[in-house]
Amino acid sequence: MYTAIVFLPLLGFLIVGSLGRSMGPRQSEIVTTSLLVVSAVLSWIAFVQVGLGSAPATTPVLGAWISSGALKIDWALRIDTLTVVMLVVVTSVSSLVHLYSIGYMHEDPSRPRFFAYLSLFTFAMLMLVTADNLVQMFFGWEGVGLASYLLIGFWYEKPSACAAAIKAFVVNRVGDFGFALGIFLVFVLTGSVAFDTIFAAAPGLAGKPIHIFGLNADAMTVVCLLLFMGAMGKSAQFLLHTWLPDAMEGPTPVSALIHAATMVTAGVFMVARLSPLFEQAPAALTVVTVVGATTAFFAATVGLVQNDIKRVIAYSTCSQLGYMFVALGVGGYSLGVFHLFTHAFFKALLFLGAGSVIHAMHHEQDMRNMGGLRKDIPFTYWMMTIGTLALTGFPLTAGYFSKDAIIEAAYASGLHSGAGVYAFLLTVIAAGFTSFYSWRLVFMTFYGERRTAHADDGHADHGHDHTPHESPTVMLIPLGLLACGALFAGLAFHSAFIGHGYDEFWKKAIYSGPDNHIIHAMHEIPHAVGFVPFVMMVGGFLGALYVYVIAPGTAQRIAAANPLLYKFLLNKWYFDELYHLIFVRPAFWLGRLFWKGGDGRIIDGLGPDGVSARVIDVTNRVVRLQTGYVYHYAFAMLIGVAALISWYLVGGVR
């Protein structure tokens with residue numbers, strides 16, 4: 001069963017990738033979607049058996065993979081509670097995205113290629129979450145990066161899509177470099193990359209020094225920081241976040257798949273999986289907490305002023321990932337995974353809902369050109385409202401149980417560390433901002449006067465009427481199913497993930513050290529602290545209601561009164577411009593120097609091009625002797641004879 005879950009998406013990719021043109025778009029859609037649905041059903045069965053039931057964790061070995069000296073790696077599937085949680089998330093969202101894409105991409109001529117890429121992405125993610133060693137995880141990690149590059153740049157005719165794909169690929173390589181170094185260092189310290197071996201060795205490495213970069217440092221801290229560097233890139237954390245908003249250039253189903261439940265959550269999963277290592281590196285956990293809190297706050301501030309409906313949700317994803325890393329940093333690994341689980345439902349719902357809006361508006365994405373759509377697309381409106389309620393943490397929705405718990409854990413951690421205080425303050429502020437920009441999206445899109453202004457982004461409308469219309473049923477079914485998860489996933493599973501059923505559910509799939517009592521401590525904080533997220537949620541809602549419904553035009557007046565702050569947020573804290581100045585321009589200058597100066601002038605100039613140029617110069621001069629006059633040739637012959645006699649006489653002196 002577990003092998004089928006992992007390899008059915010690969011089978012779909014191979015069939016459609018090789019035979020898609022001859023099969024046709026409809027058959028390609030049916031094959032890939034059917035295989036993903038089967039994989040999702042099997043994943044839920046595995047979740048019930050392993051997570052909620054009593055089936056033991058297993059590690060079936062598929063075969064030997066690498067054997068080089070002391071390095072021996074088997075290709076094995078690690079099946080425990082953490083794995084089956086991720087299997088459910090990945091396959092459920094992916095299958096619904098496949099189904100949704102049948103309607104959303106129905107006019108695209110390259111549908112077989114699109115569905116093949118979706119299945120390849122899903123397979124790579126499944127390989128990542130079922131890995132039993134760091135090298136196998138890195139294989140899935142890089143496979144996800146490759147597939148995301150192909151999906152983000154799917155519309156390669158658009159220069160902006162190609163640039164976004166390259167940017168995502170390059171930025172992720174920065175994080176992956178740290179991840180690779182971390183794997184190398186783990187092998188140096190433990191002699192293995194297998195999880196069971198390195199987890200058993202981790203307690204003995206606590207406090208062990210290592211000489212690196214001319215300094216003596218704590219070995220586990222260095223290892224965990226390098227591994228976290230990989231997580232920062234893949235999960236778009238502060239400083240390595242710039243690729244995430246640009247990735248919106250891909251089709252909207254890609255945005256839902258990459259930014260809701262799969263690629264961006266890989267870093268969260270990796271830290272949770274390696275919790276036995278991070279528990280031995282409290283300094284690294286502090287860094288995780290600070291980076292996560294900073295990301296949550298930063299992305300929330302930028303989301304306040306974005307006008308592209310997909311970019312608002314993208315920055316929301318970035319902010320929520322920050323919450324997950326705060327949970328991991330304070331030691332609440334199950335909290336981070338729980339928010340990953342619930343977030344997948346309501347964020348996929350919001351992205352696919354945004355796609356339904358874009359479909360209704362004929363590819364218009366600017367919310368300033370929308371308004372009053374709740375009467376034209378009522379089902380999409382209610383689905384987006386449900387997703388917004390869950391995201392903002394409305395009581396009893398999915399976000400209420402997971403996001404609010406993270407804020408409470410940060411407060412409990414703050415009783416013992418400054419990083420916890422920092423995380424609590426920033427996550428509380430981010431909660432208010434999240435509520436404001438989420439309801440801002442709803443009000444600008446569905447309320448007020450119609451501001452429709454059709455924009456042609458290169459997608460043919462084939463003569464369709466530009467009146468907004470509801471999406472086809474095949475797109476609405478996934479919205480309804482995801483809405484059920486957004487409403488009830490937290491209520492149904494909070495006891496198992498972070499409540500009384502914690503031990504029975506996780507079965508040691510996540511490790512918490514003997515001094516880690518954060519799950520217990522968060523339940524003993526003052527009751528007033530538990531109301532803070534609710535107050536911030538209500539405040540953000542009322543603020544958005546006043547600015548965009550009760551007193552329209554207030555936002556423009558605020559922006560005009562604070563132009564520097566508005567431009568600072570609108571330009572995303574100028575990180576893109578700063579990186580362009582610090583990294584991109586010097587890299588291009590250095591590249592041109594090596595290209596024009598090194599390769600062109602020195603290597604080619606003195607080498608092949610230089611030699612050929614000198615030969616041409618000589619022949620151009622020699623050819624001038626071919627004048628056609630007999631006396632010129634006779635004169636040249638005399639010179640030759642004189643030279644020959646001179647050489648003979650001089651040589652004969654010996």
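Values for this structure:
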item	result
HIS520, HIS580, ranked by accessible area, largest first (probe 1.4 Å)	HIS520, HIS580
Cα centroid of segment 217-244 to Cα centroid of segment 493-552, whole Å	25
Extended-chain gain in nm, criterion 0.36 nm per residue less alpha-carbon gap, LEU62 and GLN556	171.8 nm
Solvent accessible area, Å² - LYS507, 1.4 Å probe, full protein context	80
Heavy-atom accessible area ranking, 1.4 Å probe, most first, across GLU504, GLU524	GLU504, GLU524
Given LYS167/LYS234; LYS158/LYS596; LYS310/LYS347; LYS234/LYS347; LYS158/LYS572, the pairs whose alpha carbons are separated by over 21 Å	LYS158/LYS596; LYS158/LYS572
LEU590 paired with LEU564, simple spin-label distance in nm, labels 7 Å along Cα-to-beta-carbon	3.4
Heavy-atom surface of the chain, accessible at 1.4 Å and reported per residue (Å²)	42
Net length gained if the chain between GLN49 and ILE429 were fully extended (0.36 nm per residue, minus Cα distance)	132.8 nm
Descending principal axes extents, segment 257-305, alpha-carbon based, whole Å	41, 25, 7
For segment 316-384: relative contact order, % (alpha-carbon pairs under 8 angstrom, 6 or more apart)	25
Simple label model, 7 Å out from Cα along Cβ direction - TRP382 to ASP196, nm	5.1
The chain, helix-only ellipticity at 222 nm - DSSP H runs n ≥ 4, -39,500 (n - 2.57), divided by all residues, nearest 500	-22000 deg cm²/dmol
Global size of segment 478-600 as Cα Rg and Dmax, reported in angstrom	25.5, 71
Degrees between helix 333-360 axis and first principal axis of the chain (Cα, 0 to 90, nearest 10)	80
Extension gain, ALA643 back to ILE525 (0.36 nm per residue minus Cα-Cα distance, nm)	31.8 nm
Cα convex hull volume per residue for segment 223-340 (Å³)	80
Heavy-atom accessible surface of the chain: percent carbon and sulfur, 1.4 Å	69
Rg over Rh [alpha-carbon atoms, Kirkwood Rh] for segment 311-439	1.04
Relative contact order (percent, whole number), segment 47-141, Cα cutoff 8 Å, 6+ residue spacing	26
Nearest-0.05 FRET efficiency for ASP599 and ALA163, computed from C-beta distance (R0 22 Å)	0.35
Tensor-based shape of segment 531-570 (alpha-carbon gyration tensor, a/c under 1.5 rounded, otherwise prolate or oblate)	oblate
Virtual spin-label span in nm between HIS517 and PHE213, 7 Å along Cα→Cβ	3.6
Two-site FRET efficiency, ASP617 against VAL170, from Cβ-Cβ distance with R₀ of 56 Å, rounded to 0.05	0.85
Selection from VAL254, PHE351, THR33, by position along the positive dipole direction of the chain (Cβ)	VAL254
Sites ALA70 and ARG368 - FRET efficiency at Förster radius 51 Å, r taken between beta-carbons, to 0.05	0.25
Cα-based convex hull, segment 125-257, per residue volume (Å³, whole number)	107
Residues whose placed amide H lies under 5 Å from that of TRP65, excluding near-sequence neighbours	ILE73, ASP74, TRP75
For the chain: relative contact order, % (alpha-carbon pairs under 8 angstrom, 6 or more apart)	12
Column: log10 I(q)/I(0), Debye, Cα scatterers of the chain, q = 0.10, 0.11 Å⁻¹	-0.90, -1.09
Along principal axes, Cα extents of segment 1-102, largest first, whole Å	47, 39, 16
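The values are calculated or read from the model by the stated rules, or taken from the named source; none is laboratory data. What you see is a predicted model; the values in this text were computed from it and never measured. Every residue, glycine among them, receives a Cβ derived from its backbone with ideal geometry; neighbour counts consider all protein chains shown. Ligands, DNA and RNA are stripped out before the accessible areas are found, and what is left, the full protein with its side chains, is counted by its heavy atoms. Shrake-Rupley method; radii C 1.70, N 1.55, O 1.52, S 1.80 Å.
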